[in-house]
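Okay, so here's the structure we're looking at.
The values are calculated or read from the model by the stated rules, or taken from the named source; none is laboratory data. These numbers were taken from a predicted model, which means no experiment stands behind them. Using ideal geometry, Cβ is built from the backbone for each residue, glycine included, and neighbour counts are taken over all protein chains shown.
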Amino acid sequence: MLLPNKIISYNESILSKFPIVLDVLNDNDYLIFDLYEQLKASLDIESFIEVLDCLFALGKIEIDYSTRSIRYAV
């Protein structure tokens, strides 16, 4: 996971990708694949998974296992 430090700038870190995902999730709930399809121009698959992992750990997104969708946790 790329966190900002003396070598890695904020723009290169995973933290700078959080708003990209949260802005999309603010509008709708998405299936994971559909969310990736929407964001693949901005994020590669590795960054996408890391962002989802961090956002889930921070309690910013929720996963609905019955519908297999992700939603922005308010």
If you go through region 20-45 one residue at a time, how many are surrounded by 11 or more Cβ atoms within 10 Å (Cβ to Cβ) and in a helix (DSSP H, G or I)? 13
Only one of these conditions is not met by LEU2: (1) part of a strand (DSSP E or B); (2) at pLDDT below 90. Which number is it? (1)
For region 55-74, what are the residues that are in contact (Cβ under 8 Å) with a residue 12 or more places away in the chain and farther than 16 Å from ASP23 by Cβ? GLY59, ASP64, THR67, ARG68, SER69
Members of region 3-19 found to be of a type in the set (Ser, Thr, Tyr) and surrounded by 14 or more Cβ atoms within 10 Å (Cβ to Cβ), listed by number: SER13, SER16
Qualifying positions in region 5-19 - assigned to a helix (DSSP H, G or I) and among the polar types (S, T, N, Q): ASN11, SER16
Taking region 22-33 and keeping residues under 15 Å from GLU62 (Cβ atoms) and either of a type in the set (S, T, N, Q) or out of contact with any strand residue (DSSP E or B) (no Cβ under 8 Å at 6 or more places or on another chain) (or both) leaves ASN26, ASN28
